[in-house]
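Take a look at the structure below.
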Amino acid sequence: MFSPNYALWHPVSAPSQTSQNGAYVSRIRGRLVASSAPGERQSDSNDGQIYLSENCVKRLLEITEESEFLRLQVEGGGCSGFQYKFSLDTVVNPDDRVFEQGNARVVVDLDSLNFVKGAMVDFNQELIRSSFQVVNNPQAEQGCSCGSSFSVKL
């Protein structure tokens, strides 16, 4: 299951919380347990963690095949300055960090991780749309009403 070609983030239990819509959310945080380069050792650190909600994990297990994962990127744009971009992917790059719970994986590149560390990835289903979303992002000052873009705290 472990591939030495990328850094693996091991899930560690974190305190549970209630989401904005009142649903109980179990939080998972990542911990670096292997480095991306053979023989290179990195220290165990809680820096750069993200959390996965139970809804996120459940939906990922429903839609992904064995080698697929959810990629989260942050790009310039949107109505607030930066926007979240979600896609299914199968290639893990050297600068990616992998957050895993069970067989569900979320991958974030290091540049994007700086904009979402400490945030939670959730799956929200409504009458008008269903989508993965970043919620409770401590790096965001404000966001648009649909939740797909944000401005960064300075």
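Overview of results
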read-out: Residue pairs meeting the criteria (Cβ under 8 Å; at least 6 apart or on separate chains; first of a type in the set (Asp, Glu), in the range 99-124; second in a helix (DSSP H, G or I)); value: Asp122/Asn55; Asp122/Cys56
read-out: Residue in the range 111-141 that is farthest from Val92 (Cα to Cα), counting only those that are open to solvent by 70 Å² or more (accessible area, probe 1.4 Å) and part of a helix (DSSP H, G or I); value: Asn114
read-out: Residue in the range 76-94 that is open to solvent by less than 20 Å² (accessible area, probe 1.4 Å) and of a type outside the set (Val, Ile, Thr) present; value: no
read-out: Flag if Glu62 is more than 17 Å from Asn124 (Cα to Cα), surrounded by fewer than 19 Cβ atoms within 10 Å (Cβ to Cβ) and without any contact (Cβ under 8 Å) to a residue 40 or more places away in the chain; value: no
read-out: Residues of the range 76-98 that turn out to be free of Cβ contacts under 8 Å to residues at least 12 places away in the same chain and over 13 Å from Val152 (Cβ atoms), as a count; value: 1
read-out: Residues (within 26 Å of Val152 (Cα to Cα) and more than 14 Å from the chain's Cα centre (by Cα)) located in the range 56-75; value: Glu75
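The values are calculated or read from the model by the stated rules, or taken from the named source; none is laboratory data. A quick note: this is a predicted structure, and the numbers were derived from the prediction, not measured. Virtual Cβ from ideal backbone geometry, glycine too; neighbours counted across all protein chains shown. Accessible surface areas use protein heavy atoms only, side chains included; no ligands, DNA or RNA. Shrake-Rupley method; radii C 1.70, N 1.55, O 1.52, S 1.80 Å.
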